[in-house]
Amino acid sequence: MLTKPHFDDLETRSAGQRAADLAQALPQQIARAQSLPGYGDTLKGIDAAQITSAEALADLPVLRKSELGKAQAGQPPFGGFTTKPVHDFSHVFQSPGPIYEPSSNDPDWWRMGRFLHAAGIGAGDVVHNCFGYHLTPAGMIFESGARAVGATVLPAGTGQTELQVTAARDVGSTAYAGTPDYLKVILEKADAMGVTLNITKAAVGGGALFPSLRAFYQERGITCLQSYATADLGNIAYESPAMEGLIVDEQVIVEIVTPGTGIPVAPGEVGEVVVTTLNPDYPLIRFATGDLSAVLEGESPCGRTNMRIKGWMGRADQTTKIKGMFVRPEQVAALVAQHDEIEKARVIASREGEADVMTVQIETAGEDKDAYAQSVADLLKLKGRVELVAPGSLPRDGLVIEDTRSYD
């Protein structure tokens, strides 16, 4: 039973207090990262004391998962990105790649308790945890969160659905943790077995929570909220009962940038989610998730005051092969950067007959499209059509490269 509306006082800080706290914590985290061999020379020469805000982070390089994997291959298991050796962690997990992630038994190390509390889960609840425990960390992430809120855990994993139903009935599971769709499988199996379950709360992640699925659970008396977390970063953002966007966790800084770059987009525009974590054991600075989202204006009606994002809106890696050549978002960003008068650009891959066509739409007040043709050829390594469009006319949907070709 929950006795307080919020997990802690951090959630309801004023904007000024949160900024002041960050101004103290962030330089310390940058300094930790500078001391780690994994970052090499990328942070060399940066005055950590000057990095006191999310805006200041924009001058630092982005760290991509491919770089992390390469570093781990050369210096296993963590690539020189942790402040402690492997034997000082309680667990080591492996995600596809392979990518290795550390874990600790320190209380709520993954910061999932904040989400479970928002989902109404606490002491007296039995969490039927259907996230995997084998190699990947999702099961442990949610278990550590359940411990933080005083709930009991049934480590169920996936599969053997009849046994899941029997265990949920016998143990008295009141809450579910897992992917959004697997709870429906359990409930339908329970119906077929003539078993009534007592699950009234669901904390889901790892997949899209479609409105129709949420409505299905609601009709059965189950409140379903979602979180956005990764194996590298832990909890990034989470829903509250207000269900108006996802509230950013108090121990991470989220930026939304133009895909393939580290350049922040305008407020409200769709872009790639880049995260800096304040975890002192694993200082990931400007870690690119590869996911798309956008910032929501204002604060949540639930009283939590941190920034909100819209949730998962697709993948940012829009690399596309045109005429046998790969065109990448960072090349489009280089085109924009080369001409001060260009506000935005978008590459459209299409097909005419049996031939690929590349059209480059350029947002500019200029009128001479031939002036950009050579830059297009030099930077994108292909010749293409150039179309000039009025400033502000291109969609702010996060797409830098749009592929309109049919592959049916």
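Odds and ends about this structure:
- Apart from one condition, Y176 fits all of (1) open to solvent by 30 Å² or more (accessible area, probe 1.4 Å); (2) within 15 Å of V127 (Cβ to Cβ); (3) aromatic (F, W, Y); the exception is (1).
- When the residues of region 322-334 are filtered to those that are farther than 19 Å from T261 by Cα and at pLDDT below 85, the one that is nearest to the chain's Cα centre (by Cα) is M325.
- Close pairs (7 angstrom Cβ cut-off, 6 or more residues apart or separate chains): loosely packed, with under 15 Cβ neighbours inside 10 Å in region 28-57, aliphatic (A, V, I, L, M) anywhere: Q50/A56; S53/A19; S53/L22; S53/A23
So that you can scan it fast, the table gives a plain yes or no per residue for (1) open to solvent by 30 Å² or more (accessible area, probe 1.4 Å); (2) free of Cβ contacts under 8 Å to residues at least 60 places away in the same chain:
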{"position": "V270", "(1), (2)": "no, no"}
{"position": "I285", "(1), (2)": "no, no"}
{"position": "V295", "(1), (2)": "yes, yes"}
{"position": "E299", "(1), (2)": "yes, yes"}
{"position": "R304", "(1), (2)": "no, no"}
{"position": "W312", "(1), (2)": "yes, no"}
{"position": "A316", "(1), (2)": "no, no"}
{"position": "M325", "(1), (2)": "yes, yes"}
{"position": "A333", "(1), (2)": "no, no"}
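- Candidates are the residues of region 231-255 that are of a type in the set (D, E) and under 25 Å from K4 (Cα atoms); the one that is most open to solvent (accessible area, probe 1.4 Å) is E244.
For (1) over 25 Å from the mean Cα position of the chain (by Cα); (2) within 30 Å of Y133 (Cβ to Cβ), each residue gets a yes or a no:
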{"position": "A15", "(1), (2)": "no, no"}
{"position": "P27", "(1), (2)": "no, no"}
{"position": "L43", "(1), (2)": "no, no"}
{"position": "D47", "(1), (2)": "yes, no"}
{"position": "S53", "(1), (2)": "no, no"}
{"position": "L57", "(1), (2)": "no, no"}
{"position": "Q75", "(1), (2)": "yes, yes"}
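- Residues of region 58-76 satisfying the condition of being touching a residue at least 24 places away in the same chain (Cβ under 8 Å) and farther than 30 Å from G16 by Cα: R64, K65, L68, G69, A71, Q72, Q75, P76
- Residue check, L60 in a loop (DSSP other than H, G, I, E, B), touching a helix residue (DSSP H, G or I) at 6+ places or on another chain (Cβ under 9 Å) and open to solvent by less than 70 Å² (accessible area, probe 1.4 Å): yes
- Test set (1) among the basic types (K, R); (2) over 20 Å from L135 (Cα atoms); (3) surrounded by 12 or more Cβ atoms within 10 Å (Cβ to Cβ) - K65 fails condition number: (2)
- Extreme residue, farthest from L233 (Cα to Cα), among residues of region 87-128 that are touching a Lys or Arg at 6+ places or on another chain (Cβ under 7 Å) and hydrophobic (A, V, I, L, M, F, W, C): I121
- Which listed residue, of D232, D191, D181, is touching a residue at least 40 places away in the same chain (Cβ under 8 Å) and acidic (D, E): D232
- Residue that is surrounded by the most Cβ atoms within 10 Å (Cβ to Cβ) [pool: residues in region 356-399 that are touching a Lys or Arg at 6+ places or on another chain (Cβ under 8 Å) and farther than 29 Å from M313 by Cα]: L382
- Checked against (1) in contact (Cβ under 8 Å) with a residue 40 or more places away in the chain; (2) open to solvent by 30 Å² or more (accessible area, probe 1.4 Å); (3) on the phi < 0 side of the Ramachandran plot; (4) within 23 Å of the chain's Cα centre (by Cα), G206 passes all but a single condition, namely (3).
- For the criterion of being of a type in the set (S, T, Y), buried (at least 17 other Cβ atoms within 10 Å of the Cβ), part of a strand (DSSP E or B) and on the phi < 0 side of the Ramachandran plot, Y228 passes.
- Of the numbered criteria (1) within 23 Å of the chain's Cα centre (by Cα); (2) open to solvent by less than 50 Å² (accessible area, probe 1.4 Å), the one P96 fails is (2).
- Set side by side, the residues L135, L163 differ, and just one is surrounded by fewer than 18 Cβ atoms within 10 Å (Cβ to Cβ), more than 23 Å from P5 (Cα to Cα) and touching a residue at least 40 places away in the same chain (Cβ under 8 Å), which is L135.
The values are calculated or read from the model by the stated rules, or taken from the named source; none is laboratory data. The shown structure was predicted, so the numbers you read here are calculated from the model rather than taken from an experiment. Note that each Cβ is placed from the backbone with ideal geometry, even for glycine, and that neighbours are counted across all protein chains shown. Accessible surface is based on the protein model in full, side chains and every heavy atom, while ligands, DNA and RNA are left aside. Shrake-Rupley method; radii C 1.70, N 1.55, O 1.52, S 1.80 Å.
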